1. What ranking do ARG29, ARG46 get, fewest neighbouring Cβ atoms within 10 angstrom at the top?
2. If packing is taken as the average number of other Cβ atoms within 10 Å across a peptide's residues, how do 196-209, 241-254 rank, most packed first?
3. Taking the stretch 84-167 as the region of interest, what is the percent of Cα-Cα pairs per 10 angstrom bin, listed from the shortest bin to the one with the maximum distance?
4. For the stretch 8-80, what are Rg and Dmax over the alpha carbons, in angstrom?
5. Which whole-number percent gives the relative contact order of the chain, counting Cα pairs below 8 Å spaced six or more residues apart?
6. Determine the calculated [θ] at 222 nm for the chain from helices alone, applying -39500 (n - 2.57) to every DSSP H run no shorter than 4 residues and normalising by the residue count; nearest 500 deg cm²/dmol.
7. Given Cα pairs under 8 Å that are at least 6 residues apart, what percent is the relative contact order of the stretch 136-211?
8. Work from the charge dipole of the stretch 1-105 (Cβ charges, +1 for Lys and Arg, -1 for Asp and Glu, about the Cα centre) and give the residue of GLY104, ILE17, VAL62 farthest towards its positive end.
Amino acid sequence: MTIGQLIEPITAQGGKISLPAATQWMQGRTLYGGASAVIAYAAATRGFPDLPPLRAAQIGFVAPVGTDMELRTEMIRQGRNVAQLRSDILCEGKVALTAFWLFGTEREPNGRFPAPPPVRDAGVPEDCADAFSQHGPDFLRNNYEVRYTADRVGAGEPLVRRWVRLREGSDLDPVSEIILMGDTLPPSAVRLMERRGPISSINWSFNILDPEPTTRDGWWLAETASDHADHGYSSERLRMWNTAGVQVTSGIQSVAIFG
């Protein structure tokens, strides 16, 4: 089942819903973060369909999200140019994910500064090796193609870069697709860990740089990089580019490091 078919049952009314097909997107005992985020985004946009383009989001991964949930959406404020919404996923009556979405109409530019291309040469995905291993999570192996980049990051450097695309192609709108894809990679802090142990995303904030993102053959270049790791947490920078080297998202994430 595609991700578009998974979120198809979500209605404008929200409320209680069961998504049994979400089992193929489970990461341990919770839904993979990008899948749960795109569920919350679908609830927001279907509840309020006449919105300008998405510009930014703040997502809190509060508790495990299962296949049975309740969806709630509310308009916080709708101005002339900007609308701000909140959508929640509740499981067993408690908030498991909360998301704040900012939509804004396009304005005449008053200054331009394009995001830079990737610093390192990523090559092209068709020429890069398969990055899957037997230790990867099931949701990743079942739903994604993942390839190394042409450059190989040195051991111990807290940076992970991969070419990623959906295995069955995308049946989502472009913004939903990059929300789904934007949290695909593991936090780069796994490369710093001195002892084996679990690692968990706590939140994710991101900006959409292009409201109509496009790429070639479904491939996106994803990157996670730790800006600081200590005291059991890592501050991670998340970015995505298309195959032409144009950045489409810019984000930051707090990660808990256990073990």
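1. Going from sparsest to densest Cβ surroundings: ARG29, ARG46.
2. Values: 196-209: 16.1, 241-254: 18.5.
Ranking the peptides 196-209, 241-254 by packing returns 241-254, 196-209.
3. Histogramming the stretch 84-167 at 10 Å steps yields 12, 24, 26, 30, 8 percent.
4. Cα-based Rg and Dmax for the stretch 8-80 come out at 13.0, 43 Å.
5. Values: 575 pairs, mean separation 45.9, N = 259.
Over the chain, the number comes to 18 percent.
6. Calculated mean residue ellipticity at 222 nm is -3500 deg cm²/dmol.
7. About 29 percent, as a whole number.
8. Checking the options against the dipole of the stretch 1-105, the answer is GLY104.
Throughout, read-outs are computed from the coordinates displayed, never taken from laboratory work. Nothing here was measured: the structure is a model prediction, and the numbers come from that model. Cβ sites come from the backbone with ideal geometry, for glycine too, and all protein chains shown count toward neighbours.
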